[in-house]
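The values are calculated or read from the model by the stated rules, or taken from the named source; none is laboratory data. Since the model is a prediction, treat every value here as computed from it, not as a measurement. Because the Cβ atoms are built from the backbone with ideal geometry, glycine has one as well, and the counts that use them run over all protein chains shown. Remember, those area values only see protein heavy atoms, side chains included, never the ligands or the DNA or RNA. Shrake-Rupley method; radii C 1.70, N 1.55, O 1.52, S 1.80 Å.
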Amino acid sequence: MKATLLVLLLSVVAVMVTCDHQQSEQAAGPGCPLGKRLAFDLDTTLEESKRLNNEYFDCPNPEPGTPCFYYSHVFYPFFVIEDTVVGESGRFLDSYTFKVVGGGRTRGSVQNYSREEILRFNSLTDSESSQQTLVWTYDDGPDSLPLTKEGFVVMRGASNRVRWLCQRNSPCGDLTPRNLLDPDFFFIIEVSNKETASSPFCEHNLRFELHVHGFPLDPVRGLFFLQMTMTAVHIILICSAGHTCWRLRRKSLHTKKRDGLDEQVLVDNFQLTIRRKRHCKSQKSPDVKEGETQSGERAVEDLEMSQTEIQEEFHKEAVRHASSDSKHSKRKIELINRHLQLLAAMDHHMQRYRSQACLLDKLVETFFTDQDEETRSVGIE
């Protein structure tokens, strides 16, 4: 009998020590069985989240002791009733309320919310819920589940589909990334059956931390970032195009300047050569000039005569060859003869044109030579 009482006394002391150690997270009402408490079943929650969401995202910045979940996935929380005396546990299937009672950007900055903030961030009937302040909602729609007097959704063991909302005016809304990774947030969750317990003598309260990562950018902030990015890209493109145009223009001006210098050098050399030739010609006597002119004219006339004689001989030979060939008719021979005469006349006119052009060049050269001599003589006087 004494041994039995000693064992019971030690069990009570162990339960009291455990409750004192975890009083910030777990609490049970005075009517609950001795040594039983509500606990968060992390292993089952992770397994069911992977299975029901068909994918799993590792936490980029894990915190030891804090479970991490992805924002876009539906959160499936599971809870158990632990018996610390016997060491057994069973699934918690009673009704309960799910509330966000604290949070922060980092684990060290997590703080508890006031009662007004808890109502504003969780209640569906609160007057300020229409102001975009809800943190979460039931995934199948809150109308499918009952509500408490304060507007909190009442869930059960199998009805546990939590969808993160983080509306614009909520504490996790409009988060800005602090590095290249997506924003994250730490929540303090409170699960309680105080308002929904089937037995008013056994109430369970549980608080635990959740780390949620992968928050999307707010649409307004995302549009602002997009506009800033497009503006920066346009500025870079405009500067690049302007720099390219400036380089091409500079290169074209340099090329034009170099080509202009080359042309100027060629013109100067050409003018210098002409002046030298004119100077050499001006040193010759008028008799020599007249003799050169006459010899040039005779050479042109001889060239014309030789060309005319060659054409006549070619014409005669062609007519003779055509008449000697028996396969051509008389009419065809006459046409060939006429064609050759026209070619000869055309060539004769071309020779005359060449001789006249040559004579005109001689006259122009003689005119400029005389003009230079007159200018030189006037300058000497």
Worksheet item: What do you reckon, is MET155 of a type outside the set (S, T, N, Q), under 27 Å from VAL110 (Cβ atoms) and either without any contact (Cβ under 8 Å) to a residue 12 or more places away in the chain or in contact with a strand residue (DSSP E or B) (Cβ under 7 Å, 6 or more places away or on another chain) (or both)?
Response: yes
Item to complete: Could you tell me whether segment 103-123 includes any residue that is within 44 Å of the chain's Cα centre (by Cα), surrounded by 20 or more Cβ atoms within 10 Å (Cβ to Cβ) and within 24 Å of ASP58 (Cα to Cα)?
Response: yes
Response to the item:
Scanning segment 194-250 for residues that are open to solvent by 50 Å² or more (accessible area, probe 1.4 Å), within 30 Å of CYS68 (Cα to Cα) and part of a loop (DSSP other than H, G, I, E, B) gives LYS194, GLU195, GLU203, PRO216, LEU217
Worksheet item: Quick one: how many residues across segment 355-381 are loosely packed, with under 11 Cβ neighbours inside 10 Å and modelled with pLDDT under 70?
Response: 7
Worksheet, complete the sentence: (1) touching a Cys at 6+ places or on another chain (Cβ under 9 Å); (2) farther than 21 Å from ILE188 by Cβ; (3) of a type in the set (Val, Ile, Thr) all hold for THR125 apart from (1)
Worksheet item: Which residues, taken from segment 46-101, are farther than 30 Å from PRO33 by Cα, open to solvent by 40 Å² or more (accessible area, probe 1.4 Å) and of a type in the set (A, V, I, L, M)?
Response: LEU52
Item to complete: May I ask you to list pairs of residues, at least six apart or on different chains, whose Cβ atoms are under 7 Å apart, with the first in segment 45-74 being more than 25 Å from GLY108 (Cβ to Cβ) and the second being charged (D, E, K, R)?
Response: TYR56/LYS50; VAL74/ASP139; VAL74/ARG161; VAL74/ARG163
Worksheet item: Given VAL85, VAL100, VAL74, which one is within 34 Å of the chain's Cα centre (by Cα) and aliphatic (A, V, I, L, M)?
Response: VAL74
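Answer yes if at least one residue in segment 110-127 is part of a strand (DSSP E or B) and among the small types (Gly, Ala, Ser), and no otherwise.
So far as segment 110-127 goes, no, none of its residues is part of a strand (DSSP E or B) and among the small types (Gly, Ala, Ser).
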Discussion item. For segment 147-160, check the following and say yes or no: at least one residue is assigned to a loop (DSSP other than H, G, I, E, B), open to solvent by less than 40 Å² (accessible area, probe 1.4 Å), modelled with pLDDT of 90 or more and not aromatic (Phe, Trp, Tyr).
Written reply: no
